[in-house]
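Trainee: My questions will all concern the structure given below.
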Amino acid sequence: MIPYGRHEIDNDDVNSVVEVLENKFLTQGDVVPEFEREVSSFCGAHHAIALNSATSALHLACRALEVKRGDIVWTSPISFVASANCAIYCGAKIDFVDINPNTNNIDPTLLKLKLIKAKKNNQLPKVVIPVHLCGLPCEMSTIWELSKEFNFQIIEDASHALGAEYNSTRIGNCKYSSITVFSFHPVKMITTGEGGMALTNSREIYERIKLLRSHGITKESKLMDKEKEGPWYYQQIELGYNYRMTDIQAALGISQLKKLEKFILNRSTLAERYIKNLKSSKFKTPLIPNNAKSSWHLFVVKISLNSFDEKRILFEYLIKNKIQVNLHYIPIYSHPFYKNFGFKKEDFPNSEKYYKEALTLPLFSNLSFLEQDKIITKLEKFSNK
Ligand SMILES: *Cc1c(COP(=O)(O)O)cnc(C)c1O
């Protein structure tokens, strides 16, 4: 079976992990801070906090921006559920902004219209979470301008977009956001097994996420409500979690980061091959705006079919041919958990259309041309049926 995504681990990765296992602290040593420095300097942000997942990073990002009961958070309906769950963890209300049919990202024009309406009803969001779907950056400068006009904060869910560029600078530099979040799950751009990171240019946000990562416990006397009682002393000053990354994971991350540019190059080459070879088929390939460089985390094509039955036939045909296609994503509001919040499909026509048409083709750094040619041949065969 050709999977839709797969990690790539080599001997250097294995040796880096073994080095930690044999010689270093397994957690809370110096490898996690080193990984944080590497990622923040790669992206061009002042601070980075490594966490045990991007889900935890999104949760703490919301906590750091004081998202709480009574607040509203907006995100894209076409994302992984974690982009929305983080607001619910904090007791806030979640709402969605429909996507743009060309980029499949949150639509800045629809965002503006929704903000104007929300302002009238006194329902403005405290935070908006744009998601760089498939590794294609959102229209961040427009969203940034809107955040100034309507007074909200921005968390970029860049789980797909490590190494992507927008206006010739790297996603993660937080030029247009308070916080940017990455995932290191094995299907993502680089992996630590499980893992995530939050980046920010704000010292205050950095300190807060670091505190919440480890139970809300501090050893710094300046944060305590009284003098230290001795060298053993620490205080829990608020309710945090154990969301730490281990040094074993960070060692894998450092080693993987060295290969990110190679991974992206391989993925872009494969993406260009898909685009070229599917030109005359029924499958529509992605369009990349001039001011953006995708990290090509996912390769989503669209095909207009008459029904979900036809889509099921297409999926079954490819899976029978050992091609593990996928669908990223089912609109978040249509999951049973979200149904209770009263969302209406009619409010998100572009997302509904996307869900009917989208199909994720296999794309990962070590997908061979031979495997890719087989996928293209099968798609063409389906096209001509
Ligand atoms: C993978 C993913 C997450 C969650 O990442 P984890 O590290 O698995 O918690 C969040 N948002 C998006 C868009 C993702 O693709």
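The values are calculated or read from the model by the stated rules, or taken from the named source; none is laboratory data. If you're wondering where the values come from, they're calculated on a predicted model, not measured in any experiment. Positions of Cβ are backbone-derived with ideal geometry, glycine not excepted, and every protein chain shown enters the neighbour counts. Just the protein is used for accessible areas: all its heavy atoms, side chains included, with ligands, DNA and RNA removed. Shrake-Rupley method; radii C 1.70, N 1.55, O 1.52, S 1.80 Å.
Trainee: I'm checking my understanding of the structure. Among residues of region 23-66 that are within 16 Å of Pro130 (Cα to Cα) and among the aliphatic types (A, V, I, L, M), which one is farthest from the ligand (Cβ to nearest atom)?
Mentor: Applying the filter and picking the extreme gives Leu65.
Trainee: Starting from region 57-73, keep only residues that are charged (D, E, K, R), then list their pairs with residues that are surrounded by fewer than 24 Cβ atoms within 10 Å (Cβ to Cβ) whose Cβ atoms are within a distance under 6 Å, requiring at least 6 positions of separation or different chains.
Mentor: These pairs meet every condition: Arg63/Leu212; Lys68/Cys90; Lys68/Gly91; Arg69/Gly91; Asp71/Ala92; Asp71/Lys126.
Trainee: What are the pairs with Cβ atoms under 8 angstrom where one residue, in region 174-196, is farther than 23 Å from Leu26 by Cβ and the other, located anywhere, is in a strand (DSSP E or B) and within 7 Å of the ligand (Cβ to nearest atom)? Sequence gap at least six, or different chains.
Mentor: So the pair list comes out as Val181/Asp157; Val181/Gly196.
Trainee: Can I ask one more? Against the definition (farther than 20 Å from Lys188 by Cα and either open to solvent by 10 Å² or more (accessible area, probe 1.4 Å) or charged (D, E, K, R) (or both)), how does Ile9 come out, yes or no?
Mentor: Answer is no for this residue.
Trainee: Can you name the residue in region 73-125 that is within 20 Å of the chain's Cα centre (by Cα) and part of a strand (DSSP E or B) and is also farthest from Ala198 (Cα to Cα) among such residues?
Mentor: Ile99
Trainee: Looking at Glu66, is it within 30 Å of Leu111 (Cα to Cα) and not in a helix (DSSP H, G or I)?
Mentor: yes
Trainee: Could you tell me whether Gly253 is on the phi > 0 side of the Ramachandran plot, among the small types (Gly, Ala, Ser) and open to solvent by less than 40 Å² (accessible area, probe 1.4 Å)?
Mentor: It is false that Gly253 is on the phi > 0 side of the Ramachandran plot, among the small types (Gly, Ala, Ser) and open to solvent by less than 40 Å² (accessible area, probe 1.4 Å).
Rundown of residues vs (1) under 18 Å from Gly135 (Cα atoms); (2) surrounded by 15 or more Cβ atoms within 10 Å (Cβ to Cβ), yes/no style:
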{"site": "Asn291", "(1), (2)": "yes, no"}
{"site": "Phe299", "(1), (2)": "yes, yes"}
{"site": "Glu310", "(1), (2)": "no, no"}
{"site": "Leu314", "(1), (2)": "no, yes"}
{"site": "His328", "(1), (2)": "yes, yes"}
{"site": "His335", "(1), (2)": "no, no"}
